[in-house]
Amino acid sequence: MLAKSPSAALRRLFDAVGPVDAVGIEERVAKYGTRSIKKHAKLWGLKTAVSMVDLTTLEGKDTPGKVASLCRKALQPHDAGLDVPRVAAVCVYPAMVRHARRALGTGTGVKIASVATAFPSGQAPLKTRLAEVRAAVADGADEIDMVINRGAFLAGEFATVQDEIAAVVEACGPAALKVILEVSELETYDNIRAASFLAMQVIRPGDFIKTSTGKTSLNATLGNNQVMIDAIRDHYLATGVAVGMKPAGGIRTAKQALTFLVAVKETLGDAWLTNMRYRFGASSLLNDLLRQLAKEKSGAYQAPYYFSEAAESY
Amino acid sequence: MPTLAKKTPARPVSRPGRPAPELIFGDLWPFDPAPETADPKLQPRYDLFIGGRFVAPQSGKYFDSINPANEKKLAEIALAGPADVDAAYAAAAKAAGPWAKLPGRERAKYLFRLARLLQDRAREFAVAETLDGGKPIKESRDFDVPMAAAHFFYHAGWADKLEYLAPGRRVAPLGVVGQVIPWNFPLLMLAWKLAPALAAGNTVVLKPAETTSITCLKFAEIIREAGLPPGVVNFVTGAGEVGAAVVNHPVPAKIAFTGSTDVGKLIMRALAGTDKKLTLELGGKAANIVFDDAPLDQAVEGIVNGIFFNQGHVCCAGSRLLVHEPVADAVLAKLKRRLAVLKVGDPLDKNTDIGAINSAAQLQRIRDLVAAGESEGAELYQPACRLPDKGYYFRPTLFSGVTMSHRIAREEIFGPVLSILTFRTVEEAVEKANNTAYGLSAGVWTDKGSRILKLSTELKAGVVWANTYNKFDPTSPFGGYKESGFGREGGRQGLLDYAQLT
């Protein structure tokens, strides 16, 4: 029967959230790039962006030593003279959470985020994924970055997708949750908008939705960021539930980060210009932000190797 | 377990004792001023451009050109008299023969040169256009100047291919044409007029609007630099009486006019009984139609672009928003939120979205019509943005609860004022959209392709945009139905209006 078929459910969900015009989205976000951010506004934007970074290492070769050095950098991104805030969080695999906790200690303000739920594919039994979440929280993770079941989504089994997210919310306990939609696998803006609502309907105020794992070809873009913050705005205005946003992967330069922040300022407003509600999932972004901040202070660009963890030269 | 049945409610949930959620667009992260600093290279005084030379008007009279953003004088512009118009037409007539005989590929070289020289001086022209007309630098930089160059490039490509313009027919130039252009896109309208006329082998006498002559006269510098033969292009400056002299002169074979419908009617009367050809591109009161299945956020973006682009000084501006009743409240709420982040102010600031109204007279006309809208009972909304103390500025304005009998639904306001009407069915939308003396453009917003096709044939408008608005291209003909004029500009059709077929 039509009404019970997965495709009928797909249409109902899409009807409820409304369509997205891809050309229109691209045009809207192109305007953010023309905003000219100078002087004080630039300083404020750069520092705010630093405070929003989820400093990330997600490699098979991660070791306790590597995680420890990442944590040091999170606490003090650069020489004290530059007056840079701490980043929002470090983001590591579950096995590294206890090492991160040891390196960071407690009460520093820097959170420990852990990807979980068989990141990045999510292709493990739900029981296993939930156990992974509980283990990461038990080891000291403050935040869990989960991946949604894209296979179920594309098959039209939305209830499965949503029920699994709800189960992870429960497994998180006190930890905040970030729901990764993996936008490149959802492909269309319509799908991204629909998936955003699927997630937002079951997560809590203060939880996040997140673009991508950083493990596929296409990651955060201004376009999919815009679709998701439009969804967050609509959900907030309809329910009063404020959900955060985390674009991840592909944001490497300070200029890009400022453009994303302009999108936030002009779509969600001032209340989202804080790391409680907006994050950047990135690793190389931090050093470019620092480089720009140093340039604002001294008037000259410094070589990349003046910043820690950067091997590039000229 | 939660299920899909839990849908997002359409309206904010009421929570006792707490206000409905609203977004804060405040001053947490204000942008610092970011003025464009390129030198516009203005001269203190501009003469007429006749026969390839800058010549003083025979009357010796000049008038001031004002920067509408601060009411300061920018330059003095020559006031042409009948004798000057005579001289301009004499120069154009003298140049007409040789120019028409020139092989198309040679004329193409001149047009390519004009396009490239304009690109070379793009920033200078963008700043000059913004100073003279009040439009945001963002628009003159990203739209007016590049699009003007694109028109010269496009028509340069046609100049040696005229034999393909009308297969089987011989194409010949008309001779001398007289052109009068408006103040809303001074340089771009000049390009729209000059490029096809020159490509087809005509020579030109052109009069820019009196409030925006500067980029036209700066373009005369480019014409000299390009080495265009003297007399092929002539510029005479001044107000309405100069325009009348250009139109009523016996020499031109064709008159092309872009401007108000009132003046268009005068010209049509004046030309009745003569053998002059005429094309008119006049006013508009375009309907921008939003259906309930439209991508609403992008539609709102298109509505904003449709009515606030160039302060609404656009003949094809989407000044009547027709919105489907089921989504009327949602669209209005989204529009208000979008207006909260529009920046009104110094046109030279790179972050300015809405600049200055072109002239004091136009500002007064907008004020009068807005006052009429209020007194006729439409509901006015303006964001609380601060306007500069000096200069001609007007807040972006929304009127909801407008009906077809309101003046603001019938008369062209030519300012940043949107009239919002609602409809229930497709038929009603078409009927309301067509219930106007104008027919220049329309917009349709829907996710349903078949509806777009249906409406594009039923809407009596020269251009129908689907899920977008205010998109232009040199290859695409632009022009109107009914009192929005006749004749086309751009594309093959536009070029045909500057040629005779034998």
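Where a number appears in this text, it was derived from the coordinates with a stated rule and is not lab data. Since the structure is predicted, the reported quantities are computational estimates derived from the model, not experimental observations. Cβ: placed from backbone, ideal geometry, glycine included. Neighbour counts: every protein chain shown.
Rounded to the nearest Hz, the phi-derived 3J(HN,Hα) couplings of region B:209-223 under the Karplus curve 6.51 cos²θ - 1.76 cosθ + 1.60 (θ = phi - 60°) are 5, 5, 7, 9, 9, 5, 5, 4, 6, 5, 5, 4, 4, 5, 4, where x marks glycine and proline. For region B:282-375, the alpha carbon positions stretch 40, 32, 27 Å along the principal axes, listed from largest to smallest.
Think of each Lys and Arg Cβ as +1 and each Asp and Glu Cβ as -1; about the Cα centre, that makes the dipole of the protein assembly as shown roughly 760 debye.
Projected onto planes of every orientation and averaged, the convex hull of the alpha-carbon atoms in region A:94-223 covers 8.0 nm².
The ellipsoid that matches the Cα gyration tensor of region A:28-104 has semi-axes, each √(5λ) in whole angstrom, of 30, 17, 8, with the longest given first.
Size descriptors for chain A: radius of gyration and Dmax over Cα atoms are 19.2, 69 Å.
To the nearest ten degrees, helix A:126-138 and the longest principal axis of the Cα atoms of chain A are 30 degrees apart. The value for region B:131-272 of Rg(Cα) / (2.2 N^0.38 Å) is 1.07. The largest-to-smallest principal axis extents of the Cα set in region A:155-238 are 32, 28, 24 Å.
To the nearest ten degrees, helix B:82-101 and the longest principal axis of the Cα atoms of chain B are 80 degrees apart.
Per residue, the Cα convex hull of region B:287-466 amounts to 110 Å³.
Dividing the Cα radius of gyration of the protein assembly as shown by its Kirkwood radius returns 1.03 for Rg/Rh.
Checking every one of the trypsin sites (Lys or Arg not before Pro) in region B:357-436 against DSSP loop status and a limit of 15 other Cβ atoms within 10 Å picks out B:Arg386, B:Lys390, B:Arg424. Simple spin-label estimate for B:Arg410 and A:Val23 gives 3.5 nm between the two label positions (7 Å along the Cα-to-Cβ direction from each Cα). Taking amide hydrogens as placed 1.01 Å from N in the peptide plane, the amide H of B:Gln500 sits under 5 Å from those of B:Ala172, B:Leu174, each at least 5 positions away in sequence or on another chain.
Remark on A:Tyr278: its backbone amide H falls under 5 Å from those of A:Met245, a criterion applied only to residues 5 or more positions apart or on other chains, H modelled at 1.01 Å from N. For A:Thr253, A:Thr213, B:Thr502, B:Thr203, the sequence from fewest to most other C-beta atoms within 10 Å is B:Thr502, A:Thr253, A:Thr213, B:Thr203. Mean silhouette area of chain B, derived from the convex hull of its C-alpha atoms and averaged over all directions, reads 27.0 nm². Shown for A:Leu130, B:Leu440, B:Leu342: other C-beta atoms within 10 Å of each C-beta, ranked fewest to most, produce the order B:Leu342, A:Leu130, B:Leu440.
Seen from every direction in turn and averaged, the convex hull around the alpha carbons of region B:88-214 projects onto 7.7 nm².
Sequence-ordered 3J(HN,Hα) estimates for region A:144-158 from the Karplus curve with 6.51, -1.76 and 1.60 and θ = phi - 60° stand at 10, 9, 9, 9, 7, 7, 5, x, 5, 4, 6, 7, x, 8, 5 Hz, glycine and proline given as x. Our summary of shape: the Cα atoms of region A:256-295 have principal axis extents of 28, 18, 13 Å, ordered from largest down, in whole angstrom.
Treating r as the C-beta distance of A:Lys31 and B:Cys385 and R0 as 22 Å, the FRET efficiency rounds to 0.80.
The GluC sites (Glu not before Pro) of region A:112-212 meeting both criteria, a DSSP state outside H, G, I, E and B (loop) and at most 13 other C-beta atoms within 10 angstrom of the site's C-beta, are A:Glu187. Taking amide H as placed 1.01 Å from N in the peptide plane, B:Leu278 has its amide H under 5 Å from the amide H of B:Ile255, each at least 5 places away in sequence or on another chain.
Kirkwood Rh, region A:210-264, all Cα pairs: how many Å? Radius from the Kirkwood sum: 11.8 Å.
Ranking B:Leu348, A:Leu286, B:Val464 by Cα position along the charge dipole of the protein assembly as shown, where only Lys, Arg, Asp and Glu carry charges on their C-beta atoms, puts A:Leu286 farthest toward the positive end. The ranking of B:Val263, A:Val97, A:Val147 by Cβ neighbour count inside 10 Å, starting from the fewest, reads B:Val263, A:Val97, A:Val147. Selection among B:Thr203, B:Thr397, B:Pro82 by position relative to the dipole of the protein assembly as shown gives B:Thr203 as farthest towards the positive end (Cβ unit charges, Cα centre). Note on region A:61-135 and region B:145-184: Cα centroid distance 64 Å, given to the nearest whole angstrom. Only helical runs count toward this figure. For chain A, summing -39,500 (n - 2.57) over DSSP H runs of n ≥ 4 and dividing by all residues gives -15000 deg cm²/dmol at 222 nm. About its Cα centre, the dipole of region B:287-466 is roughly 320 debye, where the only charges are +1 on Lys and Arg Cβ and -1 on Asp and Glu Cβ.
For region B:416-431, the residues whose amide N sits under 16 Å from a probe point set 7 Å from the Cα of B:Lys454 along the beta carbon direction are B:423-431.
A:Thr34 sits among other residues whose Cβ lies under 13 Å from its own Cβ, and their net charge, with Lys and Arg +1 and Asp and Glu -1, is +1.
Of all lysines in the structure, those lying under 19 Å Cα to Cα from A:Lys111, and not within fewer than 8 positions of it along the same chain, are A:Lys47, A:Lys66, A:Lys73, A:Lys178, A:Lys210, A:Lys246. For region B:287-466, lysine pairs with C-alpha atoms less than 22 angstrom apart, excluding pairs fewer than eight positions apart on the same chain, total 8. For chain B, the longest principal axis of the alpha carbon atoms and the long axis of helix B:328-339 meet at an angle near 60°. Considering the dipole of region B:227-282 built from charges on the beta carbon (Lys and Arg +1, Asp and Glu -1) around the Cα centre, which of B:Thr237, B:Gly264, B:Ala253 is farthest to its positive end? The residue sitting most towards the positive pole is B:Ala253. Looking at region B:287-466, the DSSP beta bridges with both ends there are about 10 percent antiparallel. Shown in residue order for region A:250-263 are the 3J(HN,Hα) couplings computed by the Karplus curve 6.51 cos²θ - 1.76 cosθ + 1.60 at θ = phi - 60°: x, 9, 10, 10, 4, 4, 4, 4, 5, 5, 4, 5, 4, 4 Hz (x for Gly and Pro). In this label model, B:Lys161 and B:Ala360 are separated by 5.0 nm, measuring between points 7 Å along each Cα→Cβ vector. Per-residue ellipticity at 222 nm, computed for chain B from helices alone with -39500 (n - 2.57) per DSSP H run of at least four residues, works out to -11000 deg cm²/dmol.
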